[in-house]
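Colleague: First the structure, then my questions, so here it is.
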Amino acid sequence: MVDKWYQLSVEVHRRYGGKFATMPKVPVTSMDDFAIYYSPGVAEVSRRISGNPDLAFELTSRWNVIAVISDGTRVLGLGNVGPEAAYAVMEGKALIFKYLGGVDAVPLPIRARDADRFIEVVKAVEPAFGGINLEDIESPKCFRLLDQLSKELKIPVWHDDQQGTATATLAGLINATKLTGKDLRGSTIALVGAGASNIYTARLLMAYGVKPGNLILVDTKGILHPERDDVDRLMVENPWKYELALRTNAERRKGGIAEAMRGVDIVVAASRPGPGVIKKEWVAQMNKDPIVFALANPTPEIWPWEAKEAGAKIVATGRSDLPNQVNNSLVFPAVFRGLLDVRARTVVDQMLIAAAEELAKFVESRMGEEYILPKMTEWEVYPREAAAVAAKASELGLARRPLSYREELNIAQEIIGKSVKALEVLMESGLIPK
């Protein structure tokens with residue numbers, strides 16, 4: 001089946017010459033219009049922005065344009081394939097941004113593998129964009145890039161492999177714990193895999209109120225704890241993992257995945273494709289009604305039916321053909337919609353929590369063991385999520401243009417609705433051929 005999608009994808013990309021294009025959004029009825037849009041009229045626009053750079057968010061398209069930036073060092077499951085190969089993935093991301101969030105996203109793979117060079121390039125292009133989406137970047141470099149660029153830029157900087165996955169995971173866990181009668185903030189949680197997504201998931205869970213000592217992280221060398229042989233090296237090479245080695249695992253457990261999962265309420269795996277990475281007997285040793293998130297793609301660390309046979313009450317994966325998909329696409333289009341509409345200066349964890357809570361709330365009245373998160377097709381969730389993010393940014397004083405939840409809900413519904421309608425019209429007219 002996977003081979004079928006591979007072949008179809010190549011054929012479709014060749015047929016359409018890629019997935020991305022730019023298009024004017026102003027009417028052109030005569031040559032006089034260019035005197036307004038370009039010379040001489042545009043000189044006054046530039047003059048005003050020169051006196052107040054924030055006017056760029058009112059007088060140009062910058063307010064709705066973001067860059068999807070990658071160095072091509074960790075592309076999907078392919079690894080370091082380079083920036084040229086990364087373009088196809090960044091372009092796909094741009095398509096989803098536009099269709100689900102009404103966001104004009106520009107694919108921007110760059111030849112800058114060195115972290116300092118990467119930061120220099122992104123800082124140089126900041127004036128062109130209202131936000132930055134970092135994508136498919138190797139760990140631990142991705143942590144430094146996100147932290148430093150978030151501090152130095154005056155626009156939101158987002159790394160979907162970290163923040164997107166963490167937000168969707170938190171939303172799923174909020175509903176999974178409600179269904180099982182567990183208290184998420186008091187639950188014990190094993191995090192299998194200590195790369196970009198699970199390190200940020202740990203950070204977001206702690207921001208949500210989960211006790212740091214209740215988290216147990218496992219990387220390829222075993223459970224993180226302060227006495228591990230390589231802890232001094234981690235302090236230098238991966239300070240983000242080092243900090244978690246000190247703060248988490250209050251029991252000071254040692255060993256591997258089996259030891260990390262013993263007697264815990266929840267396991268969140270974001271490691272390597274399975275099956276067999278997590279074994280049925282390890283699930284059976286978890287607390288009553290355990291929750292298993294096996295998020296590796298294309299094959300989860302344990303098949304859902306195996307986890308269920310071992311006693312799991314709720315199982316989620318990263319796949320669209322299985323129940324309870326934990327999908328970044330539920331998060332990034334809506335989060336950026338909200339951030340852009342309030343002209344946010346940055347994005348912080350409180351906004352991610354607001355997004356996760358809104359995602360969870362959307363399905364609350366209908367949720368069940370195989371429905372803990374919305375599906376991508378339920379587009380009504382995106383304006384609601386955008387509104388939650390915009391309202392939180394405004395509440396925190398991080399918005400250039402503060403908006404209430406209701407105000408942003410109306411704005412987001414209009415923008416996303418127009419984006420969907422525009423694609424439909426282009427297809428119906430034949431300008432985008434079938």
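The values are calculated or read from the model by the stated rules, or taken from the named source; none is laboratory data. These numbers come from a predicted model, not from an experiment. Please note: Cβ atoms are built from the backbone with ideal geometry, for glycine as well, and neighbour counts cover all protein chains shown. These area figures cover heavy atoms from the full protein model, side chains too; ligands, DNA and RNA do not enter into them. Shrake-Rupley method; radii C 1.70, N 1.55, O 1.52, S 1.80 Å.
Colleague: Given axes a ≥ b ≥ c from the Cα gyration tensor, I'd like to know whether region 1-141 is rounded (a/c under 1.5), prolate (a/b larger than b/c) or oblate. Walk me through the numbers before you get to the answer.
Modeller: Numbers: a/c = 2.97, a/b = 1.52, b/c = 1.96.
Here region 1-141 falls in the oblate category.
Colleague: Going toward the positive end of the dipole of region 301-434, with +1 on Lys and Arg Cβ and -1 on Asp and Glu Cβ, which of I411, S329, L352 do you reach last?
Modeller: Ranked along the dipole, the leading option is I411.
Colleague: Mean residue ellipticity at 222 nm from the helices of the chain, using -39,500 (n - 2.57) per DSSP H segment of n ≥ 4 over the full residue count, to the nearest 500 deg cm²/dmol? It would help to have the intermediate numbers written out before the result.
Modeller: Working: 18 runs with 203 residues, N = 434.
Only helices count here, giving -14500 deg cm²/dmol.
Colleague: Separate question: Whose amide H sits under 5 Å from the amide H of A105, counting only residues 5 or more places off or on another chain, with H placed in the peptide plane?
Modeller: Amide H to amide H, under 5 Å and 5 or more residues apart or across chains, A105 pairs with I66, K98.
Colleague: Rank A56, A269, A412 by mean-square fluctuation in a GNM of the chain with C-alpha springs under 10 angstrom and give only the top-ranked residue.
Modeller: Judging by the Gaussian network model, the answer is A56.
Colleague: Continuing with this model, one more query. Accessible area per residue of region 342-434 at 1.4 Å probe, in Å²?
Modeller: Result: 50 Å² of accessible area for each residue.
Colleague: Please quote Rg/Rh for region 291-373 to two decimal places, taking the Kirkwood radius as Rh and restricting both calculations to Cα atoms.
Modeller: Details: Rg = 15.1 Å, Rh = 14.3 Å.
That ratio equals 1.06.
Colleague: Region 369-434 to region 149-174: how many Å between their Cα centroids?
Modeller: 18
Colleague: For E227, what accessible surface area do you get with a 1.4 Å probe? Give it in Å², rounded to 10.
Modeller: The accessible area comes out at roughly 100 Å².
Colleague: Next up: Once you sort the root eigenvalues of the Cα gyration tensor of region 299-434 as a ≥ b ≥ c, which label holds: rounded (a/c under 1.5), prolate (a/b larger than b/c) or oblate (the other case)?
Modeller: Values: a/c = 2.48, a/b = 1.32, b/c = 1.88.
Verdict is oblate for region 299-434.
Colleague: Hey, got the dipole for the chain? About the Cα centre, +1 on K and R Cβ, -1 on D and E Cβ, debye to the nearest 20? Can you show the working numbers first?
Modeller: Numbers: 54 positive and 55 negative charges, 60 e Å.
Using Cβ point charges on Lys, Arg, Asp and Glu, the chain gives about 280 debye.
Colleague: Give me the compactness ratio for region 376-417, meaning the Cα radius of gyration over 2.2 N^0.38 Å. Mind dumping the intermediate values first?
Modeller: Details: Rg = 10.3 Å, N = 42, 2.2 N^0.38 = 9.1 Å.
Relative to the 2.2 N^0.38 Å estimate, region 376-417 comes out at 1.14.
Colleague: Of P24, P304, P107, which is the most mobile in a GNM of the chain whose springs link Cα atoms less than 10 angstrom apart?
Modeller: Highest fluctuation among the options: P24.
Colleague: Return the FRET efficiency for the residue pair D349, A21: r is the Cβ-Cβ distance, R0 is 45 Å, and the value is rounded to the nearest 0.05.
Modeller: Values: r = 35 Å, r/R0 = 0.78.
That pair, D349 with A21, gives E of 0.80.
Colleague: For the chain, what % of the accessible area comes from carbon and sulfur atoms, probe 1.4 Å? Provide the component values of the computation, followed by the final result.
Modeller: Working: 10900 of 19900 Å².
Roughly 55 percent, rounded to a whole number.
Colleague: I need the shape label for region 152-239. Rule: rounded when a/c is under 1.5, else prolate if a/b > b/c, else oblate, with a, b, c from the alpha carbon gyration tensor.
Modeller: On the way: a/c = 2.21, a/b = 1.17, b/c = 1.88.
Because a/c hits 1.5 or more and a/b fails to exceed b/c, region 152-239 counts as oblate.
Colleague: Please list 295-302, 171-178, 117-124 highest first by mean number of surrounding beta-carbon atoms within 10 Å per residue. Could you put the intermediate results ahead of the total?
Modeller: Details: 295-302: 21.2, 171-178: 24.1, 117-124: 15.8.
Highest-to-lowest ranking by the protection proxy: 171-178, 295-302, 117-124.
Colleague: Calculate the dipole size of region 1-151 relative to its Cα centre from +1 charges on Lys and Arg beta carbons and -1 charges on Asp and Glu beta carbons; express the result in debye to the nearest 20. If you can, show how the numbers build up before the last one.
Modeller: Details: 18 positive and 19 negative charges, 42 e Å.
That gives region 1-151 a dipole magnitude of about 200 debye.
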